[in-house]
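Participant: My questions all concern the structure below.
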């Protein structure tokens, strides 16, 4: 299994961005397919009713959610929310397990609060009209170029991988291989 990374480090940044509109971190798309099991957020003040989602490009400028989780209230500061200790499950008691594909982006929404943000050389941040667009299908988002928000995720790939002629095989024609000629 390989490690999946997406988004940006959860660090204290110069500015902040309200999460009362859905935000998508366009920096560092997912490098692999699998499950996101850890979320990193740097909250600029207390956040309420926080939701995290994995987004994919639906069509030009429009995004849809692949998976989402409600994590509830998040206090001010740096947080790592993952599987493994008391703050590692969402507030409904379910472990964090967000499906992700290569190229997906991570996003956030909450009824109050802000995530740390700064202007920098980057891909940017996407934002919706004010409101909760988690989940959504084909929703228009606007790009705010050169913005980084302190939101990221990590996880692991799933399934089967073997070497064939010295090359690791885990996909064939874009499909994840789970079984081949009786091998698992």
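Participant: Given that compact globular proteins tend to follow 2.2 N^0.38 Å, what is the ratio of the alpha-carbon Rg of segment 3-159 to that value? Kindly include the intermediate steps, with their values, before the conclusion.
Facilitator: Numbers: Rg = 13.8 Å, N = 157, 2.2 N^0.38 = 15.0 Å.
Cα-based Rg divided by the globular estimate yields 0.92.
Participant: Hey, can you rank 48-60, 131-143 by average C-beta count inside 10 Å, highest first? Don't jump to the answer; show the numbers that get you there.
Facilitator: Values: 48-60: 18.6, 131-143: 16.5.
In decreasing order of mean packing, 48-60, 131-143 become 48-60, 131-143.
Each value in this text was obtained by applying a stated rule to the coordinates, not by laboratory testing. Remember, it's a predicted structure, so these values are computed and weren't measured experimentally. Methodologically, a virtual Cβ is constructed for each residue, glycine included, from the backbone with ideal geometry; neighbour enumeration extends over all protein chains shown.
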